[in-house]
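Read-outs throughout are calculated quantities, based only on the coordinates presented, and are distinct from any laboratory measurement. This is a predicted model, so every value here is computed, not measured. Every residue, glycine among them, receives a Cβ derived from its backbone with ideal geometry; neighbour counts consider all protein chains shown.
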């Protein structure tokens, strides 16, 4: 039987101690996730032009959002936020192609960024339609958040819009 020298024993021991973390199980970082239902109310300011066999509309939506239901933090039931969106809509014989990046700002000043898209319905009083939105990050409590929402928009008289959304999110 061969006996290790003291130097080799120390080196072998250090090698085991240093490599031990590579072989021990570490708990995975807990991923936060949940669902929310939100109601947004907007005032719209649109401009429409005739363009290449269709119409193009651009403008802003400015309003508020209220969390109606939440599975938990960072969203609080009853919490309100301001919401600002830039909207681009192309209407043609093929239908509607709507895109709207939006930023919401809650009472703490934290921002959440969303991108809404819709390919059904219209943008006339009495109209609206179903669409999808993606949560694409934020600041403060919303940093690192992502998710997907289904929404329904209703266009009201006097340049008003109401949108209800249900979102699944993760962080």
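In table form, for the structure just shown:
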{"read-out": "10 Å binning of all Cα-Cα separations within segment 33-170, expressed as whole percents from 0 upward", "value": "12, 46, 29, 11, 2"}
{"read-out": "FRET efficiency estimate (nearest 0.05) - Cβ-Cβ, residue 71 to residue 159, R0 41 angstrom", "value": "0.75"}
{"read-out": "Relative exposure of 75, 113, judged by other C-beta atoms within 10 Å (fewest first)", "value": "113, 75"}
